[in-house]
There are 2 protein chains.
Amino acid sequence: MNLINVLKKSGYRVTTSREIICRILEEAGHEHFTADSLFKLARKHSNEIDLATIYRTFELLEELGIIEHSHQAHSSGIYYLKGNKTNTHIACEKCGDIEDISSKTISKVNELISKDTNYEIEKNHFVYSGFCKKCK
Amino acid sequence: MNLINVLKKSGYRVTTSREIICRILEEAGHEHFTADSLFKLARKHSNEIDLATIYRTFELLEELGIIEHSHQAHSSGIYYLKGNKTNTHIACEKCGDIEDISSKTISKVNELISKDTNYEIEKNHFVYSGFCKKCK
DNA sequence: GTTCGTGCAAACGATTTGCATTACT
DNA sequence: AGTAATGCAAATCGTTTGCACGAAC
């Protein structure tokens, strides 16, 4: 399903900036973007586009339920399509690589924590960190 | 064991600011401080003390292995004595209350994630978030 | 022709840093 | 006296916002 069509159907205008951002998200070779990494890619298609527009478009796409974001401990947020895959990630403290954590694992994790603390966890808003195979 | 003595023994100078900060940490009614919350408390003892000093002292105490810090998703870092208790926390998204997560739970959690991803986790640098009993 | 979305620049909150002065030792 | 530590102000990083102009409808 085409992101631009979702925007159109929801009554939002189709602009050059939004087209570029949506195309990049859809063609995503790598799945996770910081605002800045997507900005740099977008600049290759247009040197008019602004970082603020990336943030505003992320916000819009998040409201529409298309993307999500999480926070890294000493670094910037990551944004990614909210697909069928998991929405919790782990980043390597050394090389910065980001991997998915399976949703089964996350359910177990959140259940463990809920049991222990009596808190109800809806979603993990952060990125785990550790050392990947290569770096550990 | 007295924090000021640790500083002294490690060759660091004992200053008014450090005394105030250490006393607050030791007397901690609540266990978790943001730089700013400790700053506000410190200001009650001296209106000379500066936020930068809080950060610098936190950094020093962390190097000495006395305190640790973690990051909250949409908020500031929390600093706490690295005692016998757990070093991973959960914050309520509504009221902001922070609870400890037991170290047994965290070991299990980290093991689950390590198995799933092949990443090695040393420490969780973030604060979980969810809704506490009252707020959920 | 309206209104929405943009680029730009400035404001933001949390944290860090440069620097000249102060105060431990 | 010598130097580490401070307060202050300015800088930084990631992100957000105000605003006047331009583009989508």
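The values are calculated or read from the model by the stated rules, or taken from the named source; none is laboratory data. This is a predicted model, so every value here is computed, not measured. Here the Cβ is made from the backbone with ideal geometry for all residues, glycine too, and neighbour counts use every protein chain on show. Side chains included, ligands, DNA and RNA excluded: accessible areas come from the protein's heavy atoms. Shrake-Rupley method; radii C 1.70, N 1.55, O 1.52, S 1.80 Å.
Below, the figures for the structure above:
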| item | result |
| --- | --- |
| Shortest-first distances to equivalent copies, position B:ASP50, nm, label 7 Å out along Cβ | 3.4 |
| Gyration tensor verdict on the stretch B:64-136 (Cα atoms; rounded if a/c is under 1.5, prolate if a/b is larger than b/c, oblate otherwise) | oblate |
| Where rotation carries B onto A, the chain B residue whose Cβ is nearest that axis, in whole Å | B:PHE126, 2 |
| GNM flexibility winner over chain B from B:THR15, B:THR117, B:THR88 (Cα, springs under 10 Å) | B:THR117 |
| For B:LYS8, inter-copy label distances in nm, listed shortest first [label point 7 Å out on the Cα-Cβ vector] | 7.6 |
| Solvent exposure, largest accessible area first (probe 1.4 Å, DNA, RNA and ligands not counted), of A:ARG18, A:ARG56, A:ARG23, A:ARG13 | A:ARG13, A:ARG56, A:ARG23, A:ARG18 |
| Calculated over the stretch A:3-69: convex hull of Cα atoms, volume per residue (Å³) | 78 |
| Per residue accessible area of the protein assembly as shown, 1.4 Å probe, in Å² | 55 |
| Shielded residues, the stretch A:57-74 - accessible-area loss of 30 Å² or more between chain alone and all protein chains, probe 1.4 Å | A:HIS71, A:ALA73, A:HIS74 |
| Accessible surface buried upon B-A contact (total; probe 1.4 Å; Å², nearest 100) | 3300 |
| Sequence of B:ASP116, A:ASP100 from largest to smallest accessible area, 1.4 Å probe | B:ASP116, A:ASP100 |
| Inter-probe distance in nm under a simple model that places probes 7 Å from Cα toward Cβ, at A:LYS133 and B:CYS95 | 4.6 |
| Accessible surface of A:GLU99 - all protein chains present, 1.4 Å probe, nearest 10 Å² | 80 |
| Label 7 Å beyond Cα on the Cβ vector: B:SER102 copy-to-copy distances, nm | 2.7 |
| Most to least accessible of A:CYS135, A:CYS95, B:CYS22 (protein chains only, probe 1.4 Å) | A:CYS95, A:CYS135, B:CYS22 |
| Calculated FRET efficiency for the pair A:SER102/A:THR16, C-beta based, R₀ 35 Å, to 0.05 | 0.40 |
| Förster-model FRET efficiency, 30 Å R0, B:GLU120 and B:ASP50, C-beta, rounded to 0.05 | 0.20 |
| Gap separating the Cα centres of the stretch A:55-95 and the stretch B:1-16, nearest whole Å | 43 |
